[in-house]
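Colleague: Okay, here's the structure, questions in a sec.
The values are calculated or read from the model by the stated rules, or taken from the named source; none is laboratory data. This one's a predicted model, so the numbers in the text were calculated from it and none came from an experiment. No Cβ is skipped: glycine too gets one built from the backbone with ideal geometry, and neighbour counts run over all protein chains shown.
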């Protein structure tokens, strides 16, 4: 039986996105082909906030560090 913990469990991600070209993670230097998106939910605020209640962060699938990225897309509306 191993009494030493291996650290926190990796976060469960909301979505996984494939990169068109592999990149190196600036934190762990691993070559990555996908990015993972984790959902944020605002849990408390001490003032009236105009910021969104939800959002996303993009993380490296190898080291789970937050990366600078933007999730964008085309919004469509049924007429």
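Colleague: Within the range 45-77, can you find the residues that are more than 19 Å from residue 20 (Cα to Cα), assigned to a loop (DSSP other than H, G, I, E, B), at pLDDT 80 or above and over 9 Å from the mean Cα position of the chain (by Cα)?
Modeller: Result: 46, 47, 48, 63.
Colleague: Further question on the same structure: Tell me which residues, restricted to the range 32-44, are exposed (fewer than 10 other Cβ atoms within 10 Å of the Cβ) and either outside any loop (DSSP other than H, G, I, E, B) or in contact with a helix residue (DSSP H, G or I) (Cβ under 9 Å, 6 or more places away or on another chain) (or both).
Modeller: 41, the sole residue that qualifies.
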